[in-house]
Amino acid sequence: MSLWLSEIAETLHTNIENFRDDVLIESFSINSKNIGKNTLFIPLKGNKFDGHDFIQEAISRGAISFITQKDVNTEKSCPYLKVEDTLKAMQILAKAYREKRKDLIVIGITGSVGKTTTKEYVFNVLSNKFRSYKNEGNFNNHIGLPYSILNIPDEAKVATLEMGMSNFGEISFLSKIAKPNIGIITNIGVAHIENLKTRYNIFLAKSEIQDGMPEDGILIVNNDNDILYSHKHELKRRVVTVGIENDADFRAEDIQKVDNGFFFVVSNHKYFIESFNFHDIYNSLFAIAVGEILGIEKEAIEKGILKKCGLRRRFEVIKKNGVTVVDDSYNASTHSMMSAIDGVCGFSGKKILVLGDMLELGEFSEQEHRKVGKYIVSKPIDVIICTGKDAFYIFDEVRKNSSSIKAYYASKEECLNILKKEIEKEAIVLFKASRGMKLDELVDNFLRGL
């Protein structure tokens, strides 16, 4: 994004301090160590840090201007803007830039599970026709999304933006900044049910993505998700559906599992995705739908979803010394836990699950963990190792209801010793838990010992 500093000052209703000549801002940064060409530094104040402490460092690294909510003493040659709140200023700027870019097509993605993988598939498809942009990593909240919008290149024609939430009003706020032309709701699970209490409330919170969409905007939803299937008539924008089990506008049929992925047919056209996770078919269906809506040829869409969406610690398959490790430790919910277990069942060899707590479930935690335990009992799993306070309920369900699955409940430190005892050649080991459980540390230690 390119804006003159005088434009930014006008948008924020403030004056330029140390003003001499107008300067063209070509990038924005909230990290003093990440200063590019013609960068405006935006220091944010957090609970444990204050970006204002790093203004001088940002200038020394080449920042040509900055915004501040504090009085500062800095070199007179650097122009800056004084505002009441730097975060609000960044959000206002992002909204203004989005409104200015009327030529830009924005795809907004929300949902309980699969947002990031869906974003990758959509971005890959769109990149085959348009100059495309996506927000990186976890930049999907009230800080990351406006920051991402400010760094959309002027030459980009489409932007794929993931939107996260934990309570009512958050998606609405993000949608009014991003103004998506196309919205995607991947599914409605139980993530954040601690705050929202019911899955219907989660549906209402996710459907806030419509709030910033134009009247002719399109909302793509998973028609196999029970809540979306039952309540899609309540949505206020044109609805397009994807699915496998239920009728849908974009329905995957004739699904064939092969060693490295899945073949399937949508509207008489055959597609292939390189993935071990069945749920990725749903994620790729959203990309197929977006591609067709935006007039991309099916061959180009096919090429786009063919690219493997290899995301760190999201069902990341690692083979070492005859053992297959599935690192899915990035995060967990009931739905994603079951989906990962299904993915593991597609492998041959001894199947071992290392499962930790699913967090942010509140009063529903025992119920949801027991649901996972009951699900495991119905699957061809050989060993489960549970660690964490609430993962006990998974262990308890398996212990009580299966005589064929060997079940352990252990501390994280004890898990490695149990794995050493149970591991064998051709075994597959799934690691999955919420991010706060830091199961990634266990994965790394296990891999080092193989």
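The values are calculated or read from the model by the stated rules, or taken from the named source; none is laboratory data. Owing to the predicted nature of the structure, the values given are computational and were not obtained by experimental measurement. Reconstructed Cβ throughout: ideal geometry from the backbone, glycine too, with neighbour counts over all protein chains shown. All accessible areas refer to the heavy atoms of the entire protein, side chains included, with ligands and DNA or RNA removed. Shrake-Rupley method; radii C 1.70, N 1.55, O 1.52, S 1.80 Å.
Quick look at the numbers
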| read-out | value |
| --- | --- |
| Reachable lysines from K298, criterion Cα separation under 22 angstrom, eight or more residues apart if same chain | K119, K129, K134, K157, K257, K270, K307, K308 |
| Under Karplus coefficients 6.51, -1.76 and 1.60, residue-wise ³J(HN,Hα) of region 229-241 in Hz, glycine/proline x | 4, 7, 10, 5, 5, 7, 6, 9, 10, 4, 9, 10, 10 |
| Radius 11 Å from Cβ of K157, net charge of other residues (Lys, Arg +1; Asp, Glu -1) | 0 |
| Under the Karplus curve 6.51 cos²θ - 1.76 cosθ + 1.60, θ = phi - 60°, whole-Hz ³J(HN,Hα) for region 42-48, x wherever Gly or Pro sits | 10, x, 9, 9, x, 6, 10 |
| Expected-Rg normalisation [2.2 N^0.38 Å, Cα atoms] applied to region 381-436 | 1.12 |
| Lysines with Cα under 26 Å of K82, excluding same-chain neighbours fewer than 8 positions away | K33, K37, K45, K48, K70, K95, K100, K176 |
| Rounded accessible area per residue of the chain, 1.4 Å, Å² | 43 Å² |
| Qualifying GluC sites (Glu not before Pro) in region 198-264, DSSP loop, other Cβ atoms within 10 Å at most 16 | E215, E245 |
| I30 long-range amide H proximity, modeled H, under 5 Å | I42 |
| Mean shadow area of region 276-385, taken as a quarter of the surface of its Cα convex hull (nm²) | 8.8 nm² |
| C309 - accessible surface, heavy atoms, 1.4 Å probe, Å² rounded to 10 | 30 Å² |
| Cα-derived Rg over Rh, computed across region 79-167 with Rh taken as Kirkwood radius | 1.00 |
| Rounded Å value of the spacing that divides the Cα centres of region 81-149 and region 270-309 | 21 Å |
| Heavy atoms of K157 accessible to a 1.4 Å probe, total area in Å² rounded to 10 | 90 Å² |
| Ratio of Rg to Rh over the chain (Cα coordinates, Kirkwood Rh, two decimals) | 1.01 |
| Options I105, A89, Y133, ranked by Cα towards positive dipole end of region 66-170, top entry (Cβ charges) | I105 |
| Square roots of five times the Cα gyration tensor eigenvalues for region 1-160, Å | 29, 17, 13 |
| Helix 365-377 axis, angle to the chain major axis (alpha carbon atoms, nearest 10°) | 50 degrees |
| Relative contact order of the chain, pairs being alpha-carbon contacts under 8 Å that are 6 or more residues apart, as % | 11 percent |
| Neighbour-limited loop hits for trypsin sites (Lys or Arg not before Pro), region 238-318 (at most 14 other Cβ within 10 Å; DSSP other than H, G, I, E, B) | K308, R312 |
| Candidates S127, S172, S403, ranked by Gaussian network fluctuation over the chain, Cα under 10 Å, top entry | S403 |
| q = 0.10, 0.21 Å⁻¹: log10 I(q)/I(0) that the Debye formula gives for region 34-127, counting C-alpha atoms only | -0.41, -1.04 |
| With all protein chains modelled, accessible area of M338 [1.4 Å, Å²] | 40 Å² |
| Estimated D of region 307-369 in µm² per second, where Rh is the Kirkwood radius over Cα pairs and Stokes-Einstein applies at 37 °C, 0.692 mPa s | 251 µm²/s |
| Alpha-carbon centroids, region 158-206 and region 378-399: separation in whole Å | 31 Å |
| Table column - 3J(HN,Hα) (Hz), region 445-450, Karplus curve with 6.51, -1.76, 1.60, x for Gly and Pro | 5, 5, 5, 4, x, 6 |
| Kirkwood-based Rg to Rh ratio, region 225-318, C-alpha trace | 0.98 |
| Of all accessible heavy-atom area on the chain, the percent that carbon and sulfur account for (1.4 Å) | 47 percent |
| Cα point-scatterer Debye curve for region 177-227, base-10 log of I(q)/I(0) at q = 0.28 Å⁻¹ | -1.05 |
